[in-house]
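Comments concern the structure below.
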Amino acid sequence: MPSKTNKQALESSIEKALTGTCLEELAEGVQEPSFYATDKFYIGYNRDFNKEFAIDEVRFWHFLETTQEEELNKLKRDPHYKQKILQRLDRMIKKYGILKLLRKGLDVENAHFTLMYVAPLASSAQRVKERFLQNEFSVTRQVTYSRANPLQEIDMVIFINGLPIVTMELKNPWTGQSARVHGQKQYKESRDYKEPLLQFGRCIVHFAVDTDEVYMTTRLAGKKTFFLPFNKGNNHGKGNPVNPNGHKTAYLWEEVLTKHSLAGLIQHFVRFDGKDSDPLSKRTLYFPRYHQMDVVRKILNDVSTKGVGRRYLIRHSAGSGKSNSITWAAYQLIEAYPKSADVPGSRGVDTPLFDSVIVVTDRRLLDKQIRDNIKEFSEVKNIVAPAYSSADLKKSLESGKKIIITTIQKFPYIVDGIADLSEKRFAVIIDEAHSSQSGSAHDNMNRAMGEAEELSDTQELILSTMKTRKMKGNASYLAFTATPKNSTLEKFGEKQPDGSFKPFHLYSMKQAIEEGFILDVLANYTTYKSYYEIEKSIAENPLFDTGKAQKKLKAFVERHPETISTKAEIMLDHFITKVVQTKKLKGKAKGMVATQNIESAILYYQAIKEKLHERGDPFEVIIAFSGKKKVKGIEYTEESLNGFPSKDIAKQFDKDNYRLLIVANKFLTGFDQPKLTAMYVDKKLQGVHAVQALSRLNRSANALGKKSEDLFVLDFYNSVDDIKAAFDPFYTATTLSSATDINVLHELKEHLDSEGVYEWHEVEEFVEKYFQGVEATELSPIIDIAVQRFNQELQLSEEEKADYKIKAKHFVKSYGQMAAIMPYEMVEWEKLFWFLKFLIPKLIIKDKDKDLVDELLNAVDLSTYGLERVKLNSSIGLDDSESELDPQNPNPRGAHGSEEEKDPLDMIIKSFNERWFQGWDATPEEQKVRFVSLAQKVKAHPDFETKYLNNPDPQNRELAYIKIFDDIMNKQRRNELDLYKMFAQDEAFRAAMLDTVKRIAGI
């Protein structure tokens, strides 16, 4: 007999996995079990389903009668007591949803009914464990749920004590149907969501399932229903891996829909947002995605098995829902118990492993989110508190606060005044680990978690400090990040047998993009290569250091007003015509301009404001930068330019009248604005920073119909290869190839010692006094003696000084990061670390080339500036193989004094032009002649005076200029065919040419 591969066979296999048998076996004469095993479901029957109240009446009444007969008896004096209970149940579900009733129970007059007994914890009493076994889990196939259409059926419904919590529509790809298409379509178009069973809040989740994929939703709303994938991921992308023991989706019924799992989801994961007083229809019901459920459960299992003191790197991409994952992990970690008394940090199997969970985050919403979630989950209120100082932390611990929230900026201050915390057990959850783990910020974090006792002996104090700078045994660290650096991988990753480091859990960018949670920012990526022409304005040919001169020349050109004006014109031309006028995102799409530095941001802001004014001010722009900046003698701040306080930038930018945000570094990380669709990049982006910056565009906005094809990146600085190299390591899985070679610190220290800048007894004296807390006046003379030697007495050359200072910085940075993970202690390294931290700022290095390079910039003028499109709307394909990061550079750094390459000024300018201006065939002189000729023709055009020169309307004047120029180019096309082709076909070239001719004409 051939295998059964239809939908009925899938139903049957799910039913058998949950109950131990199936309807087909019963039909063949197999006896239904009289007593179901403790881990098995009851078989439900469609005849027992009450359509009006959406319950399995047999299971519902059997549960109440066998577990709460005394409460039932209170109501049995009324012959219609069953109807009274069902009506009250129905009203409460419609008002609050089933979740509250499963957790809190149902009150009917003077009777209280528990509707689900909670799953026991490791420390729970035997009575709690016995109670849980009294729950009656059941699964019913082909449920005729509709009162209006009696033949309409839901394939499978799962009940707890007669109350429906899960519905499933099943499809089988072998018969040409899929969950993604046909299952979802059936829920959206063929299932009446107004019927009681499918009303919002009645069931917890609805699954569309086939043998390959699972999709879920918590709210059925006809064609507006939105399904999310509930898949494990395959090869770091969407879908599910091959299951050697069955269907790819067997994890759903073998892992997720088991008794303990379902009870755990109800108790610890599923939640409504908002308040009980809010109308149910206005609230949102959250059910975890698979990776969120999986990571929290794996953390809890690992902690319970292996105890306190371990490190976890959770690498979850943007779009993974990290806020929810962190919230769920924080709440459940406070109830984590050891599986045995001998695991590290255990104080007995009846005592939670952690006294408190500390969440270190910059997300302002996370505090409120955690508080709201605790209200849902916990009987005990007010167990969450913020802490912005050591006093706050101590007070919170003493008053029984279990979850303590602090910011990355404030956390170091908590170090001050903390005593005796080493007796406590902590779980420290660090949000976006790379941003807070670079060196001394994390040093303070570790010191706070370590020993705070007074030690008189300097040696002991140093050793104690070193211990506290490591991951202490009294704390477990969980780092959540989308883009781990090599130091983060090494610090928090799991060491593999081959010496590499891997994350504890992974949800990749590839999977997030393929599942539709974020958009592909590289789908429409356009780069421009800049072409420069620098002409010499002096006759002399002084010699310059070629490398430095080239770099300075490029910087000079990039911030030249003509350059910025041309690029601003291109940016606005694209943004207005392709984003604003096409009404992307229902007319609400926004853009960001990322510039090299604050000065460039201000110049761009001014240029864009001016050009917008010429176009009639169709929208407004905002600039964002930190502090104050002087440009051309005038001091600027965000407030002075924007006209409102810095703290309001994000709120103001969300308004429809603001469409462009101009930044240098601020807002390039951690800024979520789903309306962002275009980014104009004029700065170097590499590595983690490139991924973070461009990922500002990837936030989905389903309500506005945002898609990957709506995104656009215009990059004036980086190549496609640069961006691909930056994104590749974070697209799928990232591992660190090996541990950092700490022997580099031996080499660096040897070099630093040998120069004679300090004597070792000075280092020891400084450190001893520093840790005794003496006044700074006693420390300064020790440092100043070393500074005097460095600056004068040793008569070091500027190259030697630069080399020394670079090596000192390298030592401090490397040791500051390695000390947290080193398996042993090096007292001399620790002492030198503290000494150098105070010495380095006072080491003076003079750049001998600065005056010469300034002279160079005075010797050249920018004669033309052009841009040529290199890649137009190209999609950058990322490598989906696993990536390996190399450990931190193990080679001692320094200012390696190779022979400087000196060239005359003419040669520098020539090579510069060849490198950046090689796209045009014409010589610089020919180009100049063409531009001057075109400028003369513009001024001689019959419409120039009436329609342009004397036109009071700036917008109409600009349109007139473009029309005049188009007319001239049409007449010139026979004589200048190559030039005409570039002008007609390349928007960027056209914009640059229009701008350049206008400047030459002086109009």
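Once region 185-215 is narrowed to residues that are polar (S, T, N, Q) and farther than 21 Å from GLY239 by Cα, the residue that is farthest from the chain's Cα centre (by Cα) is SER190. Within region 763-797, how many residues are acidic (Asp, Glu) and in contact with an Asp or Glu (Cβ under 6 Å, 6 or more places away or on another chain)? Residues flagged as acidic (Asp, Glu) and in contact with an Asp or Glu (Cβ under 6 Å, 6 or more places away or on another chain) within region 763-797 amount to 0.
Report whether or not MET168 is touching a Pro at 6+ places or on another chain (Cβ under 9 Å), within 22 Å of LYS232 (Cα to Cα) and open to solvent by less than 40 Å² (accessible area, probe 1.4 Å). Against the criterion (touching a Pro at 6+ places or on another chain (Cβ under 9 Å), within 22 Å of LYS232 (Cα to Cα) and open to solvent by less than 40 Å² (accessible area, probe 1.4 Å)), MET168 does not qualify.
Of the strands (runs of 3 or more DSSP E) that lie entirely inside region 596-694, those containing 2 or more residues that are within 23 Å of SER708 (Cα to Cα) and hydrophobic (A, V, I, L, M, F, W, C) span 658-663, 676-682.
Criterion applied to VAL593, VAL579, VAL621, VAL631 was being under 21 Å from ASP682 (Cβ atoms), at pLDDT below 95, β-branched (Val, Ile, Thr) and within 26 Å of the chain's Cα centre (by Cα), and the one residue passing it is VAL579. Keeping to region 950-1003, report how many residues are of a type in the set (S, T, N, Q) and in contact (Cβ under 8 Å) with a residue 40 or more places away in the chain. So the count comes out to 2. Regarding LYS939, is this residue open to solvent by 90 Å² or more (accessible area, probe 1.4 Å), without any contact (Cβ under 8 Å) to a residue 24 or more places away in the chain and either assigned to a helix (DSSP H, G or I) or closer than 23 Å to LYS611 by Cβ (or both)? No, not satisfied.
If you check LYS100, LYS84 for being in contact with a helix residue (DSSP H, G or I) (Cβ under 9 Å, 6 or more places away or on another chain) and not small (Gly, Ala, Ser), only one passes: LYS100. Can you name every residue in region 753-807 that is more than 43 Å from the chain's Cα centre (by Cα), open to solvent by 50 Å² or more (accessible area, probe 1.4 Å), hydrophobic (A, V, I, L, M, F, W, C) and under 16 Å from ILE840 (Cα atoms)? Result: ILE785, single match.
Per-residue answers, yes or no, for (1) modelled with pLDDT of 90 or more; (2) in a loop (DSSP other than H, G, I, E, B); (3) touching an Asp or Glu at 6+ places or on another chain (Cβ under 6 Å); (4) under 30 Å from PHE727 (Cα atoms):
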residue: GLY319; (1), (2), (3), (4): no, yes, no, yes
residue: ALA336; (1), (2), (3), (4): yes, yes, no, no
residue: SER346; (1), (2), (3), (4): yes, yes, no, no
residue: VAL349; (1), (2), (3), (4): no, yes, no, no
residue: ILE430; (1), (2), (3), (4): no, no, no, yes
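Would you check if there is a residue in region 729-747 being at pLDDT 85 or above, assigned to a helix (DSSP H, G or I) and either open to solvent by 50 Å² or more (accessible area, probe 1.4 Å) or more than 30 Å from GLY493 (Cβ to Cβ) (or both)? No, region 729-747 has no match at all. Looking at ALA125, ALA148, ALA119, just one residue is surrounded by fewer than 22 Cβ atoms within 10 Å (Cβ to Cβ) and over 42 Å from the mean Cα position of the chain (by Cα), and that residue is ALA148. Could you grab the pairs with beta carbons closer than 9 Å, sequence gap of 6+ or different chains, first residue in region 237-259 and over 22 Å from GLU515 (Cα atoms), second one assigned to a loop (DSSP other than H, G, I, E, B) and of a type in the set (A, V, I, L, M)? Hits for this filter: LYS259/ALA119. Just one of (1) closer than 16 Å to ILE160 by Cβ; (2) open to solvent by 80 Å² or more (accessible area, probe 1.4 Å) fails for ARG77. It is (1). Restrict the check to region 290-302 and report whether at least one residue is open to solvent by 20 Å² or more (accessible area, probe 1.4 Å), of a type outside the set (Ser, Thr, Tyr), out of contact with any helix residue (DSSP H, G or I) (no Cβ under 7 Å at 6 or more places or on another chain) and farther than 22 Å from TYR507 by Cα. Checked against the condition, which is being open to solvent by 20 Å² or more (accessible area, probe 1.4 Å), of a type outside the set (Ser, Thr, Tyr), out of contact with any helix residue (DSSP H, G or I) (no Cβ under 7 Å at 6 or more places or on another chain) and farther than 22 Å from TYR507 by Cα, region 290-302 yields no hits at all. Quick one: how many residues across region 566-594 are over 12 Å from THR677 (Cβ atoms), in contact with a Lys or Arg (Cβ under 6 Å, 6 or more places away or on another chain) and in contact (Cβ under 8 Å) with a residue 60 or more places away in the chain? Of the residues in region 566-594, 1 are over 12 Å from THR677 (Cβ atoms), in contact with a Lys or Arg (Cβ under 6 Å, 6 or more places away or on another chain) and in contact (Cβ under 8 Å) with a residue 60 or more places away in the chain. Among the residues making up region 384-401, those that are in a helix (DSSP H, G or I) and either free of Cβ contacts under 8 Å to residues at least 12 places away in the same chain or closer than 14 Å to LYS424 by Cα (or both) are LEU393, LYS394, LYS395, SER396, LEU397, GLU398. Where strands (runs of 3 or more DSSP E) fall wholly inside region 82-195, the ranges with 3 or more residues that are modelled with pLDDT of 95 or more, of a type in the set (S, T, N, Q) and under 20 Å from PHE49 (Cα atoms) are 137-144. Only one of these conditions is not met by GLU189: (1) open to solvent by 10 Å² or more (accessible area, probe 1.4 Å); (2) under 22 Å from GLU514 (Cβ atoms). Which number is it? For GLU189, the failing item is (2). Residues that are touching a strand residue (DSSP E or B) at 6+ places or on another chain (Cβ under 7 Å), open to solvent by less than 50 Å² (accessible area, probe 1.4 Å) and among the aliphatic types (A, V, I, L, M) do not occur anywhere in region 20-42.
Can you name the number of the only condition in (1) on the phi > 0 side of the Ramachandran plot; (2) open to solvent by 70 Å² or more (accessible area, probe 1.4 Å) that GLY633 fails? Here GLY633 clears every test but (2). Restricting attention to region 481-508 and to residues that are modelled with pLDDT under 90 and within 24 Å of LEU697 (Cα to Cα), the residue that is surrounded by the fewest Cβ atoms within 10 Å (Cβ to Cβ) turns out to be LYS485. PHE137 falls short on exactly one of the conditions (1) within 30 Å of SER340 (Cβ to Cβ); (2) open to solvent by 10 Å² or more (accessible area, probe 1.4 Å), and that condition is (2).
Remark: pairs (first residue in region 303-330, more than 20 Å from ALA475 (Cα to Cα); second residue in a strand (DSSP E or B) and of a type in the set (D, E, K, R); Cβ separation under 8 Å; 6+ apart in sequence or on different chains) = ALA318/ARG699; GLY319/ARG699; LYS322/ASP431. Taking (1) under 29 Å from the mean Cα position of the chain (by Cα); (2) open to solvent by 10 Å² or more (accessible area, probe 1.4 Å); (3) farther than 21 Å from ARG297 by Cβ; (4) not aromatic (Phe, Trp, Tyr) in turn, LYS223 satisfies each apart from (1).
The values are calculated or read from the model by the stated rules, or taken from the named source; none is laboratory data. Remember, predicted model here, so these are calculated numbers, not experimental data. Glycine also receives a Cβ, built like all others from the backbone with ideal geometry; neighbour counts cover every protein chain displayed. With ligands, DNA and RNA removed, areas are computed over all heavy atoms of the protein, side chains included. Shrake-Rupley method; radii C 1.70, N 1.55, O 1.52, S 1.80 Å.
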